[in-house]
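Novice: Mind looking over this structure? Questions follow.
Please treat every number below as a calculation from the coordinates, not as lab data. As the structure is a computational prediction, the values presented were derived from the model and not from experiment. Reconstructed Cβ throughout: ideal geometry from the backbone, glycine too, with neighbour counts over all protein chains shown.
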Amino acid sequence: MSIGRRTILLGGLAAGLAARAAAQTSLPPAQDARPLVHADPTEFIDLWPNGAPGAPSPLPAEALRERSTDAAFNDRILTNVARPRMAVFRPERPNGAAALIIPGGGYAWVVVDKEGYELARLLAARGITAFVLFYRLPHQGWAAGPNVALSDAQRAMRLIRRQDGLDPARVCAIGFSAGGHVCADLMTRFAAPAYDPIDAADCLSARPDAAAPIYPVVTMSAPHAHAGSRRNLVGENATAVLERAHSPHLNVPADAPPTFLLHAEDDNSVPIENSLMLREALRARGVATETHVFPDGGHGFGLRLARGKSVENWPDLFLGWGRYQGLWT
């Protein structure tokens, strides 16, 4: 994964010009044209200016679907991601910190509102520039296979570090469920050559300065693997070698970033053992780890569904941890 000096210089010019004028692909219209409770972001950054590498033919046909039947909130999902990109939420008074938000969806789709836009608005209100990642799905024929979402996450981190006005040493990654797996994969395999470099941004580190996998999918092995995520990521008949390669707790380097873990004990979808295994692996490598376990909350609570449960105040814990890590004030 080498890149020549001439390519770096030319790519540096291109990347600098592209930092603000990047190609933008908004989300497709929702199949259910219900009114939006909150306005959607107007800024998007395409990860791959000439299209994502290793594309299948034909490309997946993106679709946005509304799951909510309550007029008080939206709960959309994006399926068949063909053009991976980030939705950008810029604060009125930015403090220089940034967060890459990686929603879940069992590697079958990417959640838009519940684990993406809702948190992005909260962070932006506190001065943190938030980037919601819409990543490709590994079972849809991309050449990178199980590494395709990691490729997008690495590229996203590097592009964030190219953004004007942001401190490249204060970029946090936070992911939920299968997005928590992407987050955990990123924080443990940030140095893995997941794609061939295309410009000077790819000379930058993909390592998050801190990471927060929330109710994450971690292991790809029985008995604690999330069946849907495992099927979509490595397949029903994955070998032990393939399972290990995509189980972040088995790939923790000594320089993994400080980590915030959070899970509910009554999670009947992704067993809490996923977070506990990652915690033990991080501690064994001497990585600073803060872990919160709550008696109730279930799975997929995000922000809105945490209300009225013991897990309700988790965003305050996360923001406090970020302050302790020096990410924001």
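Novice: Can you tell which of C172, C183, C203 shows the greatest fluctuation in a Gaussian network model of the chain with Cα springs below 10 Å?
Specialist: Among C172, C183, C203, the largest mean-square fluctuation in the Gaussian network model of the chain belongs to C203.
Novice: Now for a different question. Could you grab the relative contact order for region 16-113? Cα pairs under 8 Å, six or more apart, rounded to a whole percent.
Specialist: 29 percent
Novice: Still on this structure: Grab the Cα-Cα distance for E280 and Y324, subtract it from 0.36 nm times how many residues apart they are, and report the gain in nm with one decimal.
Specialist: Contour length minus Cα-Cα distance gives 13.7 nm.
Novice: For a quick check, take a GNM of the chain with Cα springs below 10 Å and name the residue from T291, T25, T69 with the largest mean-square fluctuation.
Specialist: T69
Novice: Using the per-residue mean of other Cβ atoms lying within 10 Å as a proxy for protection, in what order, highest first, do the peptides 186-197, 158-169 fall?
Specialist: Order by mean packing, descending: 186-197, 158-169.
Novice: Among G300, C203, P146, which residue has its Cα positioned farthest towards the positive end of the charge dipole of the chain, with +1 placed on the Cβ of Lys and Arg, -1 on the Cβ of Asp and Glu, and the dipole taken about the Cα centre?
Specialist: Working it through, the farthest residue towards the positive pole turns out to be C203.
Novice: Using per-residue counts of other Cβ atoms within 10 Å, averaged over each peptide, order 51-58, 272-279 from highest down.
Specialist: Averaged packing, sorted descending, gives the order 272-279, 51-58.
Novice: Let me ask something else. Rounding to the nearest 20 debye, state how big the charge dipole of the chain is about its Cα centre with +1 on each Lys and Arg Cβ and -1 on each Asp and Glu Cβ.
Specialist: 720 debye
Novice: Explain nothing, just compute: Karplus ³J(HN,Hα) = 6.51 cos²θ - 1.76 cosθ + 1.60, θ = phi - 60°, for every residue of region 210-217 in order, whole Hz, x for Gly and Pro.
Specialist: Going residue by residue, I get 7, 9, 9, x, 9, 5, x, 6 Hz, with x marking Gly and Pro.
Novice: Using a Förster distance of 41 Å, how high is the FRET efficiency between D70 and N50, based on the Cβ-Cβ distance and rounded to 0.05?
Specialist: Plugging the Cβ-Cβ distance into 1/(1 + (r/R0)^6) gives 0.50.
Novice: Also, I was wondering about something else. Would you grab the residues whose amide H sits under 5 Å from the one on F294? Only those 5+ places off in sequence or on another chain, please, with H modelled 1.01 Å from N.
Specialist: Distant-sequence amide H within range of F294: H263, A264, E265.
Novice: Tell me, what HN-Hα J-couplings in whole Hz come from the Karplus equation 6.51 cos²θ - 1.76 cosθ + 1.60 at θ = phi - 60° for each residue of region 280-285, using x for Gly and Pro?
Specialist: Using θ = phi - 60°, the values come out as 5, 5, 5, 5, 5, 9 Hz.
Novice: Within the chain, what percent of beta bridges assigned by DSSP are antiparallel, to the nearest 5?
Specialist: Bridges in the chain are about 40 percent antiparallel.
Novice: 5 Å is the cut-off here: which amide hydrogens, built 1.01 Å from N in the peptide plane, fall below it relative to D75, excluding neighbours closer than 5 in sequence?
Specialist: R67, S68
Novice: Ok, one more. Non-local amide H neighbours of G175 (under 5 Å, H modeled in plane, Pro and chain starts lacking H): which ones?
Specialist: Hits under the 5 Å cutoff: I102, A212, I214.
Novice: Normalising by the residue count of the chain, find the relative contact order in percent from Cα pairs under 8 Å and 6+ residues apart.
Specialist: That works out to 15 percent.
Novice: 222 nm [θ] for the chain, helices only, -39500 (n - 2.57) per DSSP H run of 4+, per residue, to 500?
Specialist: Calculated at 222 nm, the ellipticity per residue is -8000 deg cm²/dmol.
Novice: Shifting gears a bit: With springs only between Cα atoms under 10 Å apart, run a GNM on the chain and tell me which of A97, A82, A72 wobbles the most.
Specialist: Sorting by GNM fluctuation, first place goes to A72.
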